[in-house]
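Let me begin by presenting the structure, written as C-alpha cells, before commenting on it.
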Amino acid sequence: MLAKALPADAKDQPPLQYWQEARTQPRTLRVSCVKVDLRSPLCEVVALVGDDPDGPGPAESQLESPLTLAARNKALAAVNTNAFNRLPDPARKSQGAWAAGRLADIRGWAVTGGRQVSPPDAANASFWIDPKGGAHIGAPAAPKEAREAVAGFATLLVDGQDVSKEGTPLHPRTALGLDREGRWLWLVVVDGRQAGYSEGIALRELAALMKGLGCWDALNLDGGGSSTMLVADDKGTLQVMNRPSDRDPQGRPLPRPVPAMLGVRPR
C-alpha cells in the first residue's frame, strides 16, 4: 500500500504511511492508521466536501459514498470527518437515513481550497491548515483564514494533556492528531460494534491511543457507522481498510455515505 505512490527520501520516513494493528487491551480492537508528513513536497492534505445540491437552500453538501468522494478528488488516503444533520428533500422519493444524495447540513467548520462551506462553531472543535501551510487543532469561535478545514466533536489532547471525557460508551471512532512540531499528522480509525473482532473504544482510551502514537494535540471526529478509512493500493485504487459497522443486505461491511472527509493526495 502506498509504496509506489509517494517514494521516501533516502534520509527520511515515507511521507505517507499506512498500517493496521490488532490489539487485545483494553479489549479486542482493530486500529487502522495513516501517518502523513505535512512538510513533504510530494503530498498535501485537503478537505473533501460533497457538492452543494441546492444552491442558496439550507443544504451545504450531500451524502456521498466515501469511495466516490475520495476518488473524485484523487485522494491516496482519506477518513470521514464532520458530523452532519440530514435534511428532508421533497424532490426525492426515498428518504433512507443514509442514502447517497440525501441533503446534509455539515456540523462545524469545513473549508476546501480556501472556500468556506460551513462556518466554525463553539460546539465542534476543528483541524485546519492556515494560508502558510501550518496545521492546527482547536476551537476557533469565529472563522479564520484557512486553506483547508474540517471539524469533529471535542479535542482529546491539548499540549500533550488528556482533556477527553471519562465514562463514555464504546463505539467505532475516527480521530486525527498532530505531533508537537506540527509536522506529522495521524489519521486513525478504531472499529467497533463487532464482537470478537473489534468492540469499540471510549474517548479516554482513544486519547491514550493517540498519545501513544506520538500525538501532542488530537481531535475526535464523527464516529459510529460513519467511521471509514480509505487507502489506495499500488495501482492507485482506493480500498476500504477498516471494517465499518454498517452492513449491506448480504451482511457485508458497508461504508456509510458522508458529506465531508479529510484526504491526502499528490501535490
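The values are calculated or read from the model by the stated rules, or taken from the named source; none is laboratory data. Predicted, not measured: the structure shown is a model, and the values here were computed from it. Here the Cβ positions follow ideal geometry from the backbone for every residue, glycine too, while neighbour counts run over all protein chains shown.
Tallying residues that are more than 23 Å from residue 234 (Cβ to Cβ) and surrounded by 14 or more Cβ atoms within 10 Å (Cβ to Cβ) within segment 15-25 yields 1.
Count, please, the residues in segment 224-234 that happen to be out of contact with any Gly (no Cβ under 8 Å at 6 or more places or on another chain) and either aromatic (Phe, Trp, Tyr) or in a loop (DSSP other than H, G, I, E, B) (or both). Residues flagged as out of contact with any Gly (no Cβ under 8 Å at 6 or more places or on another chain) and either aromatic (Phe, Trp, Tyr) or in a loop (DSSP other than H, G, I, E, B) (or both) within segment 224-234 amount to 3. Of all residues in segment 179-202, those that are within 22 Å of residue 128 (Cα to Cα) and surrounded by fewer than 24 Cβ atoms within 10 Å (Cβ to Cβ) total 8. Cβ-Cβ below 6 Å, separation at least six or inter-chain, first residue in segment 235-252 and assigned to a loop (DSSP other than H, G, I, E, B), second among the hydrophobic types (A, V, I, L, M, F, W, C): which pairs? From residues that are assigned to a loop (DSSP other than H, G, I, E, B), the pairs are 241/229; 241/231; 242/189; 242/229; 246/254; 248/254.
Only residues that are aromatic (Phe, Trp, Tyr) and either touching a Phe, Trp or Tyr at 6+ places or on another chain (Cβ under 6 Å) or part of a strand (DSSP E or B) (or both): list them for segment 170-204, please. Selection gives 184, 186.
Can you confirm whether residue 41 is at pLDDT 95 or above and part of a loop (DSSP other than H, G, I, E, B)? In short, yes. Need the failing condition index for residue 255 against (1) crowded, with 19+ Cβ neighbours inside 10 Å; (2) out of contact with any strand residue (DSSP E or B) (no Cβ under 8 Å at 6 or more places or on another chain); (3) modelled with pLDDT under 95, just the number. Every condition holds for residue 255 apart from (2).
In segment 102-118, which residue that is assigned to a loop (DSSP other than H, G, I, E, B) and buried (at least 16 other Cβ atoms within 10 Å of the Cβ) is modelled with the lowest pLDDT?
Among those residues, the one meeting the criterion is 102.
Go over the candidates 123, 141, 154 one by one and state the one that is over 19 Å from the mean Cα position of the chain (by Cα), among the small types (Gly, Ala, Ser) and surrounded by fewer than 22 Cβ atoms within 10 Å (Cβ to Cβ). Result of the check over 123, 141, 154: 141.
Restricting to segment 148-202, count the residues that are touching a Pro at 6+ places or on another chain (Cβ under 9 Å) and of a type outside the set (Asp, Glu).
12
Quick check on residue 72: is it surrounded by fewer than 23 Cβ atoms within 10 Å (Cβ to Cβ), out of contact with any Gly (no Cβ under 6 Å at 6 or more places or on another chain), closer than 18 Å to residue 237 by Cα and free of Cβ contacts under 8 Å to residues at least 40 places away in the same chain? For residue 72, the condition - surrounded by fewer than 23 Cβ atoms within 10 Å (Cβ to Cβ), out of contact with any Gly (no Cβ under 6 Å at 6 or more places or on another chain), closer than 18 Å to residue 237 by Cα and free of Cβ contacts under 8 Å to residues at least 40 places away in the same chain - is met. Within segment 165-180, residues that are within 17 Å of residue 263 (Cα to Cα) have Cβ atoms under 7 Å from residues that are among the acidic types (Asp, Glu) and assigned to a loop (DSSP other than H, G, I, E, B) in these pairs: 174/222, counting only partners at least 6 apart in sequence or on another chain.
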